[in-house]
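Since the structure comes first, as structure tokens, the remarks are kept for the end.
Please treat every number below as a calculation from the coordinates, not as lab data. What you are looking at is a predicted structure, and each value in this text was computed from that prediction instead of being measured. Neighbour counts run over all protein chains shown; Cβ positions are idealised from the backbone, glycine included.
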Amino acid sequence: MWLITLLLFLGVIITGFLSKSDSKWTPLVIGLTLLLITSMSLQFLKLGGDKGNQVNYSTLWEEAIGYQLAQALSNDGIQSGTVLILDENIEGAENPLADIHLKGFRQGLHTEHLNLVGINANEISTTIELGLDVPEEMASVGPIDLSTTLLMKAIRNQPDVVALVSFVGLPASMPAELLSELPPLYLFGLNLHTADFSDEDLLRTSSVRAIVRRKPGAGTQLKPSSKNLDEVFSERFVLNR
């Protein structure tokens, strides 16, 4: 189809040039131009149809993470008080993960009596703590380096905190002894640089209650095979308790 469009385009150019010296070519120029417009319209419609048939990444994966962490928290008997939700808010993101995590988290709760308070990870980073003005184009695209000091301050600034749910792990600088000072923790996003402890070590502490990890050998499919959040979660993740 693109070859036909190209030939029509060349035909319009050639006949248009000839029509300047002989008007008898003018009707052919008009005819070829209409055919060219029709051909291009069909091409764009086809592209639009192909785009609509593409399999887009499903946000159900992230929604299922929030859902499972809320289930774990509810099963631990936390029914009232303030729950802090630590996540990264990326301005202008097509799929704002913080909102998707929160959507799943709300679905997984067994009560409506919890006060959910969000903490933007970007506002408690080490660059903020040190007062560094990092240009946007130089900002790290990797995990945020969280500040232990600012995280502890954010927790202490809220009354009646009964749990901290983090979708971005814990500060790399957080010493082991501080873990016991934290409220019950429900975690996703723990990376190798974030903690020097195994999940088993972390779960032996008094604060860490649940850790979501990607399941070893999980597939890379864009869409889960189910819309049930329990089943979606089990396809790609595990909950360590």
Review point. Say R0 is 45 Å: what FRET efficiency, to the nearest 0.05, do residue 95 and residue 33 get from their beta-carbon distance?
Key: 0.60
Practice item. Within 10 Å, count the other beta carbons around each residue, average over each peptide in 67-75, 87-95, 102-110, and list them highest first. Key: 67-75, 102-110, 87-95
Exercise for review: Scale the Cα Rg of segment 60-240 by the rule-of-thumb value 2.2 N^0.38 Å and send over the ratio, two decimals.
Suggested key: 1.01
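Please give the net charge around residue 162, taking every other residue with its beta carbon less than 13 angstrom from that of residue 162, where Lys and Arg add +1 and Asp and Glu add -1.
Numbers: positive: 209; negative: 76, 160.
Here the count lands on -1.
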**Study point:** Spin-label model distance (nm) - residue 205 vs residue 231, 7 Å beyond Cα toward Cβ
**Key:** 3.7 nm
Practice item. Take each of the peptides 160-173, 226-239, average the number of other beta-carbon atoms within 10 Å over its residues, and list them starting from the highest. Key: 160-173, 226-239
Review point. Between residue 177 and residue 20, what length comes free when the chain is fully extended (0.36 nm per residue of separation minus the Cα-Cα distance, one decimal in nm)?
Key: 47.8 nm
Review point. If one computes the Cα centroid of segment 196-227 and of segment 77-134, what distance in Å separates the two points?
Key: 19 Å
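What does the net charge come to around residue 209 if you take all other residues with beta carbon closer than 10 Å to its beta carbon, with K and R at +1 and D and E at -1? Write down the numbers at each step before the final one.
Working: positive: 241; negative: 76.
With Lys, Arg at +1 and Asp, Glu at -1, the neighbours total 0.
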